[in-house]
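Working notes for the structure below.
Nothing in this text is a laboratory measurement; each read-out follows from the coordinates by a stated rule. Worth saying up front: this structure is predicted, and the values here are computed from it rather than measured. Virtual Cβ from ideal backbone geometry, glycine too; neighbours counted across all protein chains shown.
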Amino acid sequence: MRLFIALFSGSLFGAGLLISGMTDTTKVQGWLDVFGNWDPTLAFVMGGAILPMLVAWRLTTGRKALIGSDYPPPAKPEVDRRLVVGSVLFGMGWGLAGLCPGPAMASLSYGGMGGLVFLAAMAAGMFMAPTVGAQLDRAANAA
C-alpha cells in the first residue's frame, strides 16, 4: 500500500510539473529573467504549491501519519553560510539549465541527452556536497 501511495503521489507531482510548464526550460528561464522578457505565470504555480503545503503543515502539527514514519519537525529558521552558499548554487544551476531536481526527474522521459547530462551533474553535486561542505566548514573555523 505504501508503495502504491508513493507511486501515485510521484505520478501526480510529475503530471503537475508537466502541465504547469515547470519542465519547459525556456518558460523557467523566462520566469527568472526579471529584467528582460519576464514571464510571471510560474508565480501562480509556486503559489499553488506553497499555499496548500502551508495548510498541510499546520494540519499535521501534533498528529501521527497514517502510513509510514512520523511527520518531520519543522526546520529551524536559521540562515547560515551553508544555506546561503547552497541557495546561490541552486539558483545558478536553475537559471543556467532551466531545471531544478523535480522537473529534471519529470523530464527524463523526453529531455533527451540534455536531461541526462543535467541529472548526472546534479547527482555529482549531491555526492560531492557533504565533502565540500565539511572542507568549507574546516576552512571557516581555521580562519
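Points to keep in mind about this one:
- Within segment 96-130, backbone nitrogen closer than 15 Å to the virtual label 7 Å beyond the Cα of Val85 toward Cβ: 125-130
- Structure-based [θ]222 nm, the chain - -39500 (n - 2.57) summed over DSSP H runs of at least 4, per residue, nearest 500: -23500 deg cm²/dmol
- Length-normalised contact order for the chain - Cα pairs under 8 Å, 6+ apart - percent: 27 percent
- Residue exposure sequence - Phe13, Phe127 - by fewest surrounding Cβ within 10 Å: Phe127, Phe13
- For a label point 7 Å along the Cα-to-beta-carbon line of Ala123, residues of segment 78-116 with backbone N under 12 Å: 116
- Estimated FRET transfer efficiency (Leu116, Thr26; beta-carbon r; R0 22 Å; 0.05): 0.70
- Largest-first principal axis extents of the Cα set of segment 2-142 (Å): 43, 43, 30
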